[in-house]
Amino acid sequence: MKPFAYARPSDVAEAVREVAAEPNAVFLGGGTNLVDHLKLGVARPDLVVDVRTLTSREITDTGDGGLLVGAAVSNSELAADRRVRERWPVLTQALLAGANGQLRNLATVGGNPLQRTRCVYFQDVTTACNKRAPGSGCSAIGGYTRYHAILGASEQCIATHPSDMAVALTALDAVVHTEGPRGARTIPFGELHRLPGDDPSRDTVLEHGELVTAVELPPLEMARRSTYRKVRDRASYAFALVSVAAAVDLADDGTVRDARVALGGVAHTPWRATRAEEVLRGRRLTDDTARAAAEAELADAVPQPGIDGGNAFKVPLVARTLTAALRILTGREG
Amino acid sequence: MTELLEPRAMGRDLVRRDGVRKVRGTATYAFETPVESPAFCHPLQATVARGRITAVDTTAAEALDGVLAVVTHENAERLASTDDAELAVLQSPEVAFRGQPIGVVVAETSELARQAADLVRVTYDEQPHDSVLSADRGDLYAPEKVNPGYDTDTVQGDVDAELAASAVRVEQTYATAMVHNNPLEPHASTALWDAADGGKLTLWDSTQGVHPDRKAVCSLFGLDLERVQVVCPYVGGGFGSKGTPHANVVLVAMAARALPGRAVKLALTRQQMFTMAGYRTPTIQRMQLGADRDGRIRALALDVVEQTSRIKEFAEQTGVPARMMYTAAARRTTHRLAALDVPVPSWFRAPGECPGMFGPEVAMDELAHALGMDPVELRIRNEPDRDPETGQPWSSRHLVECLREGAERFGWAGRDPRPGVRREDGWLVGTGMASSVYPTMRQAQSTATVRFEDGRYVVEIGAADLGTGAWTVLPQIAADALDADVDDVEVRIGDTRYPIASVAGGSSGTNTWGSAIVEAARQFRGKFGRRPEDGDEAQGSVDQAATDDEHATYAFGAQFVEARVHADTGEVRVPRLLGVFACGRIVNPRTARSQFIGGMTMGLSMALHENSAWDARIGQVANHDLAEYHVTVNADVGDVQAHWIDEHDPYVNAMGIKGIGEIGIVGTAAAVVNAVFHATGVRVRHLPVTLDKILPGLP
């Protein structure tokens, strides 16, 4: 581990100033991802600015049926909130599908969506990785691709975003509140993360020194009928192979009036499945509809060959997982 | 035949003597050994899979304040013995696999050692490497023997002719994955080289045997036995990976000798566990079974292909259990190896028996299906009355009883054999079973001392407790051997100060050490009678591997599994595992049950999860941490039941016991695969059973 300076500023403005002033500075939230990366030598900051106590730990009603969740609220606290459980069950389920109890107690709402994309080669400093060492190459392509992207990848990077919570927040059209060197702003959750393109070193659109202060959950009546279905290689404590966050608004005759679908485990970002949503709207919710929606979303999917057969299985698995998720929402067998 | 001890303390479910210390955190593990101002080590590892080091620049590392030593092949001491290429580290610039230790940094803190290790610049003359195992390689070879000394190949009768004459044949290739032991406690040591008086090394090491560990260290460094003391009261899991010393032990000893008078500590990181601590080779098992319509096996052949490292051979004895498990008119087993540019494989959770009961036990299920016969019945029908390999009678064999009792307890009767026809709430449901076996082994050397001290019996033996229960069960054996109250017996283990004891491996520990203790107790009572005086002391030894060479000695078992496979996603859940074992007398039901269900859980892990994803392009395990290398977690484990039958075996030893440490894992994975087939109709022949292998076969 490389030595670094540690600062504990007294407020958000000071924290932003300190990170903005030091090109090689990072914010520390719960530390569930950063501390790992410090130990592995993946993150090599000169300055670590601890913001855990600076942002709000409150979950407040916004007055319009939405919630404003302070960035320092832990994943456990958010998952347990009665309002969230009743009005956005997909979010509680996604939170509880991630990591384990100890990690969820540490992880924060502000930090969890900002964890780095996950890839065994990114985490191993003895291998080439364009994200960690721009221009060094991508070891994942043709390597161990089981957990890698089938959508939106580039020749520079095929890693996937690991946050379960972020998949739910993407489906729910959450809004991120930030404060940065250029002041405060809001970012639609679906625009927070970025595809790797030619610069995989950046996972989000946040500027250097820009701190997430809160996440806003806008009112969404259909989210009361929502679910998170995560498929992984063991029953708990594993990253998603594929996950689906889904909410539907069903007419009395079973026709889909509106739908929200986001996918995890398939791309460098939580993946909002707008094409799938379009297919679902106006149709009755059957397995065939679910398959058609998945096929539309995956029309441009590019599976990655690799060790143990690569990740082509994710293409049918997305369709099957979406089918299973939508079955849950219509009360059919799980 | 031996006269069995009267069990009074044996058979009682006494609580673990070390339990409270472990729960309270006062049990001291190797790395935690309290020593004055220790220094810390971090290994340097090769980043090429094959080649030669051309330069090492340690300037920046050594310039850091607090770095005490950087030892590489350029300045390391020359070892007295380099016969074992895995242990002959830092002796040359040659690199034989990626991750091979090429140096060790010693510093005031572990963080500093790691930082300094990052600053060492190594340049290589990199050479092409080859690490792809396949059954088609042209350079496969037959080792002289397979672990630990079995014949490489065996042939009985004319397999081809019997196969041709068989009404039903199963000819399939099965594969088990490369897997790495990851005990909770990584390989770790504290070492102190006292230069005074000619030099003495004290090594607190996490090991499955302090005496074998000491012997290896003495041989490597050219030291007399009395100049090395190895101490290891507690082990946080070994599973074979601590049965032989690995390179970390050499590194820590070198570091200690480079800093006389200063204790040094070294613990492998989780990632380093994937290069330095041994692993199970992937196995490729070509299986041929031929049978008559009534299920009697005519031909049984198992041809195994595995890997070893280019620098040191380890030949896993995967074909061995097929030699004795069932009757067959003709039989063949073979082992072929590829020597690759890979880390050195070694012992891993029931080497041989565990992978070797995968292919054959799945093939038996396939045969039963092809015959339209119940798989339990097929096994009973091929029960041999003598060891098919040697012709010897069994000391005891109660496989059929295990099968029947297991079937009864599990609710096997009336099972609908059709695959893929049961669906509950979106999950396809099936059941499967397999047999288990493990040889009853005793090591050839162990000695125990019994001494009467302050009104109590003190038993000393340099044995090891891997967390399995030796601290608890050895006093039970000693109490019965002495005809004393178990509370009046104290057993001391885990230190080379105590008499020599064999490695805790091959499920032989309790058998071997217990036999030595029984002998010591007999000597003691013979000399001092029932009224000894303070300080009276006697020794007893085991000096041959078996008490009886006229019988085939094995433990047997049967495992039953319920599997559920999600009809959409292919996710596999195993809500029920049930095993029944015949392992002679059970010394302590509490620790025994823990070992059985632990083994079965490891079998579940092997079946569904464990897989070292080998990246042959760079020559390393890609998923080398516990986030990516999956072991079964609590949520994967449902109802696990271990039962045993009351087995009386007068031939194995005076305690009437067989080993129980490893049989629990044997057969489990096959039973899971067989249950998944019954649930879905999809036969997965390559472990682990991950959903991508099932999806193509689901509707």
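The values are calculated or read from the model by the stated rules, or taken from the named source; none is laboratory data. This is a predicted model, so every value here is computed, not measured. So basically every Cβ, Gly included, is an ideal-geometry build from the backbone, and we count neighbours across all protein chains shown. Accessible surface areas use protein heavy atoms only, side chains included; no ligands, DNA or RNA. Shrake-Rupley method; radii C 1.70, N 1.55, O 1.52, S 1.80 Å.
Its Cα centre serving as origin, segment B:442-542 has a Cβ charge dipole (Lys and Arg +1, Asp and Glu -1) of approximately 420 debye.
The B-A contact accounts for roughly 3300 square angstrom of buried accessible surface, both chains included, probe 1.4 angstrom. Under 18 Å of direct C-alpha separation, and excluding same-chain neighbours fewer than eight residues apart, B:Lys312 reaches these aspartates and glutamates: B:Asp83, B:Asp84, B:Glu86, B:Glu94, B:Asp130, B:Asp139, B:Glu144, B:Asp341.
Remark: accessible surface ordering of B:Trp644, B:Trp394 (largest first) is B:Trp644, B:Trp394, probe radius 1.4 Å. Solvent-accessible area assigned to carbon and sulfur over segment A:225-329 amounts to 47 percent, based on a 1.4 Å probe. Note on B:His686: accessible area is roughly 100 Å² with a 1.4 Å probe, heavy atoms of protein only.
Using every pair of separate Cα atoms, the Kirkwood estimate puts the hydrodynamic radius of segment B:442-542 at 13.0 angstrom. P(r) tail, segment B:495-564: Cα-Cα pairs separated by more than 14 Å, 72% of all pairs. Basic side chains Lys and Arg get +1 at the Cβ, acidic Asp and Glu get -1 at the Cβ, and with that the dipole of chain A about its Cα centre reaches some 820 debye.
Potential lengthening of the chain between A:Thr330 and A:Ser136 amounts to 65.0 nm, from the contour at 0.36 nm per residue minus the alpha-carbon distance. The string of couplings for segment A:42-55 from the Karplus curve (6.51, -1.76, 1.60, θ = phi - 60°) is 6, 9, 10, x, 8, 9, 10, 10, 7, 10, 4, 9, 8, 9 Hz, one whole number per residue in order, with x for Gly and Pro. Placing a label point 7 Å from the Cα of A:Thr286 along the Cα-to-Cβ line, the residues of segment A:235-264 whose backbone N sits under 17 Å from it are A:251, A:253-257. Put simply, segment A:5-52 fits an ellipsoid with semi-axes of 19, 12, 7 Å; these come from the alpha carbon gyration tensor as the roots of five times its eigenvalues, largest first. With viscosity 1.002 mPa s and temperature 20 °C, the Kirkwood radius over alpha carbon pairs of segment B:1-125 converts through Stokes-Einstein to a diffusion coefficient of 119 µm²/s. With N the number of residues in segment A:225-329, Rg(Cα) / (2.2 N^0.38 Å) evaluates to 1.06. The distance separating the Cα centre of segment A:184-242 from that of segment B:541-575 comes to 45 Å.
Relative intensity of segment B:72-159 on a log10 scale, I(q)/I(0) at q = 0.17, 0.18, 0.22 Å⁻¹, equals -0.98, -1.04, -1.23, per a Debye sum over C-alpha point scatterers of equal strength in the absence of solvent. Of the residues B:Phe524, B:Val682, B:Gly599, the one whose Cα sits farthest towards the positive end of the charge dipole of the protein assembly as shown is B:Val682 (charges of +1 on Lys and Arg Cβ, -1 on Asp and Glu Cβ, taken about the Cα centre). Cross-link partners for B:Lys200 among the aspartates and glutamates, with Cα-Cα distance under 12 Å and sequence neighbours closer than 8 places in the same chain left out: B:Asp224, B:Glu226. Lys-Lys pairs in chain A that are eight or more residues apart or on separate chains and whose Cα atoms lie under 22 Å of each other come to 4. Of the trypsin sites (Lys or Arg not before Pro) in segment B:26-87, the ones in a loop by DSSP (not H, G, I, E or B) with at most 13 other beta carbons within 10 Å are B:Arg78. Report the percentage of all Cα-Cα pairs in segment B:533-641 whose separation exceeds 16 Å, rounded to a whole percent. Of all Cα-Cα pairs in segment B:533-641, 74 percent lie more than 16 Å apart. Given 20 °C and 1.002 mPa s, compute D for chain B with the Stokes-Einstein relation, Rh being the Kirkwood radius over Cα pairs; round to the nearest whole µm²/s. My calculation gives 81 µm²/s for D. Of the residues in segment A:128-154, those shielded by at least 40 Å² of accessible area once partner protein chains are present, compared with the chain alone at a 1.4 Å probe, are A:Tyr144, A:Arg146.
At most 12 other C-beta atoms within 10 Å and a DSSP loop state: those are the exposed GluC sites (Glu not before Pro) I care about. Give me the longest piece of chain B that has none. The longest such stretch corresponds to B:145-532. In the full protein context, the protein assembly as shown carries 35 Å² of accessible surface per residue, based on a 1.4 Å probe and ignoring ligands, DNA and RNA. As an equivalent ellipsoid, segment A:52-162 spans semi-axes of 34, 15, 13 angstrom, where each value is the square root of five times an eigenvalue of the C-alpha gyration tensor, largest first.
Under 25 °C and 0.890 mPa s, how fast does segment B:381-444 diffuse according to Stokes-Einstein, given a Kirkwood radius computed over C-alpha pairs? Answer in µm²/s, whole number. Result for D is 161 µm²/s. Can you give me the C-alpha center-to-center distance between segment B:631-650 and segment A:146-169, rounded to a whole angstrom? Result: 40 Å between the Cα centres. Entry note, chain B: the mean residue ellipticity at 222 nm calculated from DSSP H runs of n ≥ 4, each adding -39500 (n - 2.57), is -7000 deg cm²/dmol after division by the residues and rounding to the nearest 500. Annotation: amide H-H contacts under 5 Å for B:Leu44 (H modelled 1.01 Å from N, sequence separation of 5 or more, or interchain): B:Ile102, B:Gly103, B:Val104, B:Val105.
Straight-distance candidates among the lysines for linking to B:Lys658, with alpha-carbon spacing under 28 Å and chain neighbours fewer than 8 residues away dropped: B:Lys22, B:Lys145, B:Lys215, B:Lys242. For B:Val95, the residues whose modelled amide H falls within less than 5 Å of its own, excluding neighbours fewer than 5 places apart on the same chain, are B:Gly51, B:Arg52, B:Ile53.
Residues whose amide H falls under 5 Å from that of A:Gln304, counting only those 5 or more places apart or on a different chain, are A:Asn311, A:Ala312, with hydrogens built in the peptide plane. Divide the volume of the convex hull around the Cα atoms of the protein assembly as shown by the residue count and you get 173 Å³ per residue. Only protein heavy atoms count here; on that basis, with a 1.4 Å probe, B:Thr668 has an accessible area of about 0 Å².
Could you check what % of the DSSP bridge pairs in chain B are antiparallel, to the nearest 5? Looking only at bridges with both residues in chain B, the antiparallel portion is about 75 percent.
The magnitude of the dipole of segment A:5-52, with charges of +1 and -1 set on the Cβ of Lys/Arg and Asp/Glu and taken from the Cα centre, is near 140 debye. For B:Thr59 and B:Asp487, FRET efficiency with R0 = 56 Å and r from the beta-carbon atoms, rounded to 0.05? So the FRET efficiency works out to roughly 0.35.
Across the options B:Met178, B:His73, A:Ile141, the greatest Cα extent toward the positive end of the charge dipole of the protein assembly as shown (unit charges at beta carbon of Lys, Arg, Asp, Glu) belongs to A:Ile141. For segment B:299-304, 3J(HN,Hα) computed residue by residue from phi via the Karplus equation (6.51, -1.76, 1.60; θ = phi - 60°) reads 10, 9, 9, 9, 10, 10 Hz, glycine and proline entered as x. Centre-to-centre separation between the Cα atoms of segment B:1-23 and those of segment A:111-144: 52 Å. Distance distribution P(r), chain A, all Cα-Cα pairs, bin width 20 angstrom from 0: 32, 58, 9, 0 percent.
In summary, the helical segments of chain B meeting the span-like criteria, namely a full DSSP H run, a Cα extent along the axis of 15 angstrom or more and a mean Kyte-Doolittle hydropathy of at least -0.5, are B:210-221, B:247-258, B:359-371, B:399-410, B:470-482, B:509-528, B:589-608, B:668-680.
Given Cα pairs under 8 Å that are at least 6 residues apart, what percent is the relative contact order of chain A? After rounding, I find 18 percent.
For chain A, adding -39500 (n - 2.57) for each run of n ≥ 4 DSSP H residues and dividing by the number of residues yields -7000 deg cm²/dmol at 222 nm.
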